[in-house]
Amino acid sequence: MKSIKQYIMVGLGAAALSSCGDFLEIKPQNEIVLEDYWTEKDDATSMLMSCYDALGSKECLRRIVLWGEVRSDETKAGTNPPMWLQDILKENLQPDNEICEWGEVYKTINYCNTFIHYAPGVSEKDPNYKEGEMKANIAEAKAIRAICYFTLAKTFRAVPFTFEPSLTDDQDYRLPATDLDVIAKALIEDLEGCKDDAVRRYYLDNNSKSYENSSRITRWSIRAILAELYLWTGEYQKCVDVCNEIIDYKKSQYQEWLNDPDLRTTAVRTIKQFNGVPLILECPEGSSIDVARGDAYNSVFGTGNSFESLFELYYNNKFSNKEEFVPAYYCNRTNDGEFGYLAAPDHLYENLATDKNTVFLSKNDCRGYENIIASGSRFAIRKYGRKSVSLDMKNITTEAKVQASETMQQTNYNNWIFYRLTDIILMKAEAEVLLGEDNFEDAFAMVNAVNKRARNATSATVSDTLKYADYNTSKAAMEELVFDERQRELMFEGKRWFDLVRMARRDGNNSRLVNEAIKKHTSNTAAIRIRLADPNIAYYPYSRAEIKRNPMLVQNPAYKDNNAQLTK
């Protein structure tokens, strides 16, 4: 972590989410003496926006997404992936791989630490910066910090951890690594202490700026982070409780829409409760069977900031430090919208239209066609790269026939969703399964709500593909159901590898992780199985350069590196 003097505000003052409204106009000077900077509300709000901007920067966000996705069974080589990415895809991950460099994520953390350190002093100096607003802003920074630290911990298992900002060049930031469990518990305590300081919502839902309700941290996005933390720490009832708070809020929001003359028509036609949870329909209520499907995708991933979104980064041309993850890795629009560096493995898409796919249980599951599209004999990642899709779900005979039309995203900068409602529903289901058989029925109802929405022809006519009697025979069968549904719903969203790691930690071995991850490999499978069987291999190695800078780090023993200190 470098001195904040090297980071602060050179180009970052103008860097902010477009969702920040007037904050975009707050631009600190390029050269600032630190001790003289934090005097006014504008100083604080500008630095807060820099925290968002750093989270969404190209180098930070691509690591967060790739760490959670690329080693899973959901990605393989697309068009001309760089050698470092090829190595990861082949499970030839080494400490000199550039993806192991974590500096940009720690830079985001240090912005947050710095803001949290100085904001109370600004509130004392500037009467315009009210205590309530200051506390809400600190909650935002703590949430962004938690996302970064938790992602680092899930990736590397143990990482340097501090809430103290790097303010001077003489501070020693050569810290030993702190274990994931310790970090998770510290983050829980931190977020529980500020969750109700956060803003409930920034604007009413019929306001033109209501997108800020999901593009900035609210108390609901903090609860989403807490839900995942509780799931990883094994506090399953707390996970269920916080998920229920989010779901109850979404129910009340849906009711507000029904009661609002400006929103009622939209609510009636486009949202319906599935097993008590309001979700966006794939096809408007009351529409003819001839109407194309894809509305849920178009709202969540195309337009963005949807009813279901809890926190997503919102990009436009005003965002100074834009990510280019989607066009580079998923959907390269310079190549007719086909391949980025990554593609989808065959097992995710082949035989979908004939009901013989091993991942999607029904040819009527819209998500299979929304996530992936055939390009010759290969399968391209469609999710996020399309502004809208239109699916012809009548008389399905081939995958190509379903793909009626699509509209490409118009810019290279796609919103990126960190948490959305169906993720919460499935976290609740997972926690309920692990609480025991008394909760199986509700866990199944949650999974079935997500699955049924995805197969929606019209809301009144869909029968159940999933049958409770097929899964309620054991905890293992129910757990597998939840993990499978998470893959179908959250495919390519940077979640899958972390789901497999969480499963392996719970199992105490990598057997199920190996069985899933190996599905994309067509060569060298015996060697890959052996390599992945080591429980330590589920985590990434520390960068060789980082170990040289910080001798207190001890390299993951799964990665043989003569220049690193190894444990037995």
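Rolling a 1.4 Å sphere over the protein heavy atoms, what is the accessible area per residue of the chain, to the nearest Å²? Could the numbers behind the result be given before it?
Values: 21420 Å² over 568 residues.
It amounts to 38 Å² per residue over the chain.
In terms of overall dimensions, the C-alpha atoms belonging to the stretch 105-185 reach 43, 28, 18 Å along their principal axes, ordered largest to smallest. Other residues whose C-beta falls under 14 angstrom from the C-beta of residue 182 contribute a net charge of -1, scoring Lys and Arg +1 and Asp and Glu -1.
When peptides 214-221, 514-521 are ranked by their average number of other Cβ atoms within 10 Å per residue, the highest-first order is 214-221, 514-521. What lysines does residue 363 reach when the alpha-carbon gap must be under 26 Å and sequence neighbours fewer than 8 apart in one chain are set aside? The reachable lysines, counting only those whose Cα sits under 26 Å from residue 363, are 76, 272, 383, 387, 394, 401, 452, 467, 495, 519, 520. Within straight-line reach of residue 125, meaning a Cα separation under 18 Å, sit the following lysines at least 8 residues removed in sequence or on another chain: 41, 135. Please report, as a whole percent, how much of the solvent-accessible surface of the chain comes from carbon and sulfur atoms (probe radius 1.4 Å). Of the solvent-accessible surface of the chain, carbon and sulfur hold 45 percent.
Across q = 0.09, 0.10 Å⁻¹, the chain modelled as identical point scatterers on its alpha-carbon atoms has Debye log10 I(q)/I(0) values of -0.67, -0.84, in the order of the q list.
Taking the charge dipole of the chain about its Cα centre, with +1 at Lys and Arg Cβ atoms and -1 at Asp and Glu Cβ atoms, the residue from 137, 257, 82 reaching farthest to the positive side is 82. Using only Cα coordinates, the Kirkwood hydrodynamic radius of the stretch 69-227 works out to 18.1 Å. Sorted from greatest to least, the principal axis extents spanned by the alpha carbons of the stretch 372-531 come out as 47, 44, 33 Å. If you take the charge dipole of the stretch 410-544 about its Cα centre, with +1 on Lys and Arg Cβ and -1 on Asp and Glu Cβ, which of 436, 509, 477 is farthest toward its positive end? Comparing the listed Cα positions along the dipole, 509 ranks first.
The values are calculated or read from the model by the stated rules, or taken from the named source; none is laboratory data. Every value quoted in this text rests on a predicted model; they were computed, and no experiment measured them. Quick reminder, even Gly has a Cβ in these numbers, built from the backbone with ideal geometry, and neighbours come from all protein chains shown. Surface accessibility is based on the protein's heavy atoms, side chains included, excluding ligands, DNA and RNA. Shrake-Rupley method; radii C 1.70, N 1.55, O 1.52, S 1.80 Å.
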